[in-house]
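Trainee: One structure is given below, represented as structure tokens, and several questions about it will come after.
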Amino acid sequence: MNENQKIIDALRRKISDIEALARREGRQLSNVEKGLIEEMKAELHDRLSLPATAPQTIQDFGASKRSSGPFANLGEQLRAVAQAGIPGGKTDPRLFQAASGLNETVPSDGGFLVQQDFSRELLKSAFETGFLAKLCRRIQISGNSNGIKINAFDETSRISTRFGGIVGYWASEAEEKTKSKPKFRQLELNLKKLIGLCYASDELLADANVMNSVLPAAFASEFGFRIDDAIINGTGAGQPLGILNAGSLVVVEKETGQVAATIMAENVIKMFCRQLNPGSAVWLVSKSIFPELWTMSLAIGTGGAPVFQPAGGLSALPYSTLLGRPVIPVEQCATLGTVGDIIFADLEGGYVLAEKGGLQTDVSIHVRFIYDESVFRFVYRVDGQPVLASPIAAYKGGAANSQSHFVALETRS
């Protein structure tokens, strides 16, 4: 088989793949998909008309010359995406190679997949920029699946059984044994789309090196912020389910007569006691509560001792721990006096993130045309929720002392 016939076969397969994807998803072809198919059919027509002995040159999808190898950097790929978005513009064949490398010919809502190595670095930067996502348990979803079901223990009480049904007991050697089995529930995660828009001027598009330094940093910062915000405040509707909206959240009552918009030592002590795994939990706090922490004291006789300040007082650096656990200021936490201003959270054991590797990007020159700007769109698919469906009643103390991976303080207004 000569080189031309190989390319003809490859073009036919890619057209078939795009059409098959639309059929599987029960939808019509998108405008982007239709455009790609038209380009490939035009190339196919040209190649079928070539004589069998003609010199072979590769001109994929209307490109005058095939670029070899992967893109050198993200800036170069984004410039290629921008060029492909211009009416009549040439489509760099490497954009299709990046897609097929992830077993997806064309994303269902148009655009191109970011080259795998750039995608990994971007997501790594996004998770490192955020504070919370990197602390969670992360699961990669592969293949054609857009969700995952995980078997989790359906445990709501430790009073009579553990792990939703396991019971151990002391018995004499000849006594009949009582059977038991754990109860499971399905933790279902269906991928949601996190979409980011980035505006790039024509001058920026002209410089791939600048784009490679500016756009990845902006993307990582915004996506890291949004993922962290969803982990705390997500509604579960079109986004991950956040800690504060989860059924497993334990809310500790404020003290009798407690002044509005305050935090007392008794509050944090009781929060600590309601945490299921205090040894692996961290304090997530709003910066607005630091005045409360720095002036917090524990009554001792007729006096008191500071709780969060070092022995040197305000002249020394404040402690970075509270009751031995790290204090992490997070801007997504609520303001002082409302539920969520301070959260004692075990993210590693209590929150799971499911993600499907691969970023998707597209460009429009029309949205900001009069400003000489192009708009890049990034799409990342992720979902998450707490592991527990509800707090767990304590073995001693029952529901009144229920515990969870996530503990917050009641509103003080």
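Computed from the coordinates by the stated procedures, all read-outs in this text should not be read as laboratory data. Because the structure is predicted, anything quoted here is derived from the model rather than measured. Heads up, the Cβs are rebuilt from the backbone with ideal geometry, glycines too, and the neighbour counts pull from every protein chain shown.
Trainee: When you count, for each residue, the other Cβ atoms within 10 Å and take the mean per peptide, how do 341-354, 382-395 rank with the highest first?
Mentor: 341-354, 382-395
Trainee: Only residues of segment 245-268 count here: report those whose backbone N is under 14 Å from the spot 7 Å along Cα→Cβ of V339, or say none.
Mentor: Under 14 Å, as judged by backbone N against the label point of V339, lie 245-254 of segment 245-268.
Trainee: Do the alpha carbons of any pairs in K124/K193; K6/K193; K34/K124; K149/K254 sit beyond 28 Å of each other, and which pairs?
Mentor: Result: K6/K193; K34/K124; K149/K254 exceed 28 Å.
Trainee: Between A42 and V259, how high is the FRET efficiency from 1/(1 + (r/R0)^6) when r is the Cβ-Cβ distance and R₀ = 51 Å? Nearest 0.05.
Mentor: Rounded to the nearest 0.05, the efficiency is 0.10.
Trainee: To continue, here is another question. What's the FRET efficiency of Y199 with A237 using the Cβ-Cβ distance as r and R₀ = 25 Å, to the nearest 0.05?
Mentor: Efficiency for this residue pair is about 0.35.
Trainee: Would you mind computing, in nm to one decimal, how far apart the modelled labels at K34 and A299 are, each placed 7 Å from Cα along Cα→Cβ?
Mentor: Distance between the two pseudo-spin positions: 7.5 nm.
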